[in-house]
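The values are calculated or read from the model by the stated rules, or taken from the named source; none is laboratory data. Small disclaimer: the values here were computed from a predicted structure and weren't measured. Cβ placement follows ideal geometry from the backbone for every residue including glycine, while neighbour counts extend to all protein chains displayed.
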Amino acid sequence: MTTHVKVLGTLFIVFGAFYVLLAFGSTAILSLIAGIVGSQGGEDAALGASILGVTGVVAFVFWLCIGIPGIVTGIGLLKFKRWARIVGIVLSAIRLIEFPFGTILGGYGLWVLFNKETEKLFETNDL
């Protein structure tokens, strides 16, 4: 099960990094569109640019809140930290609703982290 935990930790890091990149990418695209809309002039253009700017900030925070816990948990799983197993179970359960790839990752994560052999791997490591 050691290999499965390491694979799961790596997958958490990869998925988390994808979400962090998505945060920066979506913000950049929305900022670019807001700049184009705002340069058109007029009251409606200013309102549209403002809405796009706020949407970019909200998207940035949202994607970071999804990505960063995955990266941190993945690092903890690779180091076999007890807290990482608990957080990994929670994140795996949440990922089940992210069809199709999140569902696969979530199911695999629950299978790995609820395994009796896996529990033994995390018992010896401190918090």
- So Thr2, is it at pLDDT 95 or above, within 23 Å of Thr124 (Cα to Cα) and not small (Gly, Ala, Ser): no
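Here's the yes/no breakdown for (1) closer than 19 Å to Val7 by Cβ; (2) at pLDDT 95 or above:
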{"position": "Gly53", "(1), (2)": "no, no"}
{"position": "Val61", "(1), (2)": "no, yes"}
{"position": "Leu105", "(1), (2)": "yes, no"}
{"position": "Tyr108", "(1), (2)": "yes, yes"}
- Task: Please state which one of Val57, Val61 is within 13 Å of the chain's Cα centre (by Cα) and either of a type in the set (Val, Ile, Thr) or within 22 Å of Val20 (Cα to Cα) (or both).
- Result: Val61
